[in-house]
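Novice: Sharing a structure here in structure tokens format.
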Amino acid sequence: MSENPNNPQPQFNQDPQFSQQMPQYGQQAPYGAPVQTPEQQAQAKKAMTLSIVSLVSGLVSFFVLGYILGAVAIVTGRLAMNNPELKNRGMAIAGTILGVVNIILLVALRILVKS
């Protein structure tokens with residue numbers, strides 16, 4: 001059997017689709033792969049923490065300390081969304097929306113109760 005140089009066959013137990021594997025722990029990433037600096041990792045962790053605080057305080061604000069936790073949800077959600085290192089903004093957006101909805105409902109309820 002002659003081998004065709006234009007169509008190389010994969011070696012035994014080697015899938016051609018997965019021949020480029022990710023580096024193991026402690027190994028260098030392949031060329032061209034984005035690597036975060038420790039500062040970027042710290043900023044991403046801070047932004048993720050802010051988005052979690054926003055979501056939790058937005059949910060809890062419906063039951064306890066409505067105005068205060070609603071404002072906390074809005075502020076921490078906006079701070080998290082302004083951070084460029086945050087990849088997934090879903091929790092920050094949800095927390096901000098919950099805080100806004102809670103404050104609007106509390107103001108509307110206060111207006112309805114007074115009249």
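Throughout, read-outs are computed from the coordinates displayed, never taken from laboratory work. Because the structure is a prediction, the values reported are computed rather than measured. As a convention, Cβ positions derive from the backbone with ideal geometry for all residues, glycine included, and neighbour counts pool all protein chains shown.
Novice: Under 27 Å Cα-Cα from LYS87, which lysines qualify once same-chain neighbours fewer than 8 residues away are excluded?
Specialist: Filter leaves LYS45, LYS46.
Novice: Say each of ALA108 and ILE52 gets a label point 7 Å from the Cα, pointing the same way as Cα to Cβ; how far apart are those two points in nm?
Specialist: 3.2 nm
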